[in-house]
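Following: one structure in structure tokens, then a few remarks.
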Amino acid sequence: MPEQVIKRKSRGFVCINAHPEGCRRNVARQIADITSHLPGKREGVRNALVIGASTGYGLASRIAAAWGFGARTLGIFFERPPEGVKTATAGYYNSVAFHEAAKRDSLFAASLNTDAFADAAKTQAAEIIRAQMAPVDLVIYSLASPRRVHPRTGQIFNSVLKPVGRPFSNKTIDLDAGKVTEITLQPATDQEVADTVAVMGGEDWEMWMDALLEAGLLAQGARTLAYSYIGPEVTWPIYRDGTIGQAKEDLDAAARRINAELSQKLGGSARVSVNKAVVTQASSAIPVVPLYLSVLPPALRARGLDEGPIEQMRRLFFDHLAAGSKSQLDAAERIRLDDRELREDVQAEIKRVWPLVTTENLHETTAYAEFQREFRSLFGFEIEGVDYEAPVETEIFL
Ligand code: NAD
């Protein structure tokens, strides 16, 4: 395939193509963040499996494990490769860039572009760990998916982002029109709640851990983490108390069960890490959240507290997972990386701004332009230093 000039294509707000050079720079920037903040002792993770490793928190985790500790990593993700003139998805290009950089820096990396919910993914991952790695000492579960085909029954579950019990009305940004609107979301049915739990709850995480344990592919002291979100009251009806929140409760319950098993059999542990809200493909799809993500960064930045996925994962890996670190847990035994987001002064500022925001003053009262730019940058667009007029090779493969 000859090189081609890639301009951003969108359907409404969502980008439907990706820029390989922009994605490469995103990965390089995250690697540079980690290598410029290395801890004194780079020990604690040797062989890591990251499920959901191509974008967002999973990609940042994989980078922190590899460049922070020199870990060998196996990444699992579900991304579209390039095909003719059609570009790959951003997560695919991110993963190509991850492999290129890992090779350059003599770090072992293997990836499986496959449906993590399927039994075949677990079997293939086990084969790679057995043949090319050593039993894993860290498993990161960072899937965000709208859909799951159940491996045993073949049943298809679709997750929904809805309130539970009663309707919820609030301000949001209509991303397609760039307008501040009031939306009312009707509550989910019981079936929708159950389906969302089936997709985003803990069952698949447990299936992964059972498969690895049974195959003898978890190291002594192995640890596993899955990611969750709590957020401030303004998002509770749609997040913490909504369908996704029910799924996250199920994840908490799975963590307790996996933790009991790992601690008994291997002296290991399973934890949920509650991370801060960041702009990712998954979070931008949640109603109300884009407006929240347009007011949160200025409130944090004014206090020198803003973090993106890589800064959060740097904190997780260096402060909580590094050898000798003492991880502080909350009352529910979760790791909390959302402490800065939930600080009283930060949330007071958001509460002050929230009622003032209108379509007319959106750009003066919020950092919406920055949110838009950040969202586009997830696809490799609007990245400083990239020449978007220059043709690039889009048919690059893992
Ligand atoms: P993301 O959309 O950036 O990444 C999702 C990952 O899952 C990608 O690597 C994708 O390829 C992979 N994936 C999706 N379906 C798959 C499948 N069937 N098989 C294999 N891989 C699949 O998402 P994110 O925002 O980084 O979210 C990751 C986790 O972090 C989620 O559990 C989310 O709830 C949690 N979290 C996110 C935020 C936030 O603000 N983004 C905050 C706190 C916690």
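The values are calculated or read from the model by the stated rules, or taken from the named source; none is laboratory data. As the structure is a computational prediction, the values presented were derived from the model and not from experiment. We place every Cβ from the backbone using ideal geometry, glycine too, and count neighbours over all the protein chains shown.
Out of all the residues in the range 49-57, is one or more crowded, with 22+ Cβ neighbours inside 10 Å, more than 10 Å from the ligand (Cβ to nearest atom) and of a type outside the set (Val, Ile, Thr)?
Within the range 49-57, one or more residues are crowded, with 22+ Cβ neighbours inside 10 Å, more than 10 Å from the ligand (Cβ to nearest atom) and of a type outside the set (Val, Ile, Thr).
Quick check on Leu337: is it touching a Ser or Thr at 6+ places or on another chain (Cβ under 7 Å), hydrophobic (A, V, I, L, M, F, W, C) and surrounded by fewer than 18 Cβ atoms within 10 Å (Cβ to Cβ)?
No: the conditions fail for Leu337.
Do you know which residues across the range 233-276 are within 16 Å of the ligand (Cβ to nearest atom), farther than 18 Å from Ala331 by Cβ and in a helix (DSSP H, G or I)?
Residues satisfying the conditions are Val234, Thr235, Thr243, Ile244, Gln246, Ala247, Asp250, Ala254, Ile258.
If we keep just the residues of the range 138-162 that are small (Gly, Ala, Ser) and within 20 Å of the chain's Cα centre (by Cα), which is surrounded by the most Cβ atoms within 10 Å (Cβ to Cβ)?
Ser142
Do we have Asn17 as within 15 Å of the ligand (Cβ to nearest atom) and out of contact with any strand residue (DSSP E or B) (no Cβ under 7 Å at 6 or more places or on another chain) here?
The answer is no for Asn17.
Scan the range 283-295 and give yes if some residue there is more than 30 Å from Thr359 (Cα to Cα) and under 18 Å from the mean Cα position of the chain (by Cα), otherwise no.
No, because not a single residue in the range 283-295 is more than 30 Å from Thr359 (Cα to Cα) and under 18 Å from the mean Cα position of the chain (by Cα).
Being farther than 28 Å from Ala131 by Cα, surrounded by fewer than 21 Cβ atoms within 10 Å (Cβ to Cβ) and of a type in the set (D, E, K, R) is true for just one of Glu261, Glu203, Glu214, Glu192. Which residue is that?
Exactly one of Glu261, Glu203, Glu214, Glu192 is farther than 28 Å from Ala131 by Cα, surrounded by fewer than 21 Cβ atoms within 10 Å (Cβ to Cβ) and of a type in the set (D, E, K, R), namely Glu192.
Starting from residues that are in a loop (DSSP other than H, G, I, E, B) and within 16 Å of the ligand (Cβ to nearest atom), keep the ones in the range 80-105 and report whichever is surrounded by the most Cβ atoms within 10 Å (Cβ to Cβ).
The selected residue is Thr87.
For the range 62-79, give me each residue that is within 20 Å of Phe318 (Cβ to Cβ) and in a loop (DSSP other than H, G, I, E, B).
Gly70, Ala71
For Thr196, indicate whether it is of a type in the set (Ser, Thr, Tyr) and out of contact with any helix residue (DSSP H, G or I) (no Cβ under 6 Å at 6 or more places or on another chain).
Here the answer is no, as Thr196 does not meet what is asked.
Can you name the residue in the range 279-306 that is within 13 Å of the ligand (Cβ to nearest atom) and outside any helix (DSSP H, G or I) and is also farthest from Ala90 (Cα to Cα) among such residues?
Val288
Are there any helices (runs of 4 or more DSSP H) wholly within the range 106-216 with 1 or more residues that are among the polar types (S, T, N, Q) and either more than 16 Å from the ligand (Cβ to nearest atom) or at pLDDT 95 or above (or both), and if so which?
Because the criterion is at least 1 residues that are among the polar types (S, T, N, Q) and either more than 16 Å from the ligand (Cβ to nearest atom) or at pLDDT 95 or above (or both), the helices (runs of 4 or more DSSP H) in the range 106-216 that meet it are 119-132, 190-200.
Between a first residue in the range 293-314 that is within 10 Å of Ala367 (Cβ to Cβ) and a second residue that is acidic (Asp, Glu) and in a helix (DSSP H, G or I), which pairs have beta carbons less than 6 Å apart while being 6 or more apart in sequence or on different chains?
Ala299/Glu349
Within the range 156-184, which residues are out of contact with any helix residue (DSSP H, G or I) (no Cβ under 8 Å at 6 or more places or on another chain) and under 27 Å from Thr224 (Cβ atoms)?
Ile156
Just the residues that are touching a strand residue (DSSP E or B) at 6+ places or on another chain (Cβ under 7 Å) and among the hydroxyl-bearing types (Ser, Thr, Tyr), please, taken from the range 122-150.
Tyr141, Ser142
From Ala90, Ala66, Ala101, grab the single residue that is among the hydrophobic types (A, V, I, L, M, F, W, C) and within 17 Å of Thr280 (Cα to Cα).
Selected residue: Ala90, the only one of Ala90, Ala66, Ala101 that is among the hydrophobic types (A, V, I, L, M, F, W, C) and within 17 Å of Thr280 (Cα to Cα).
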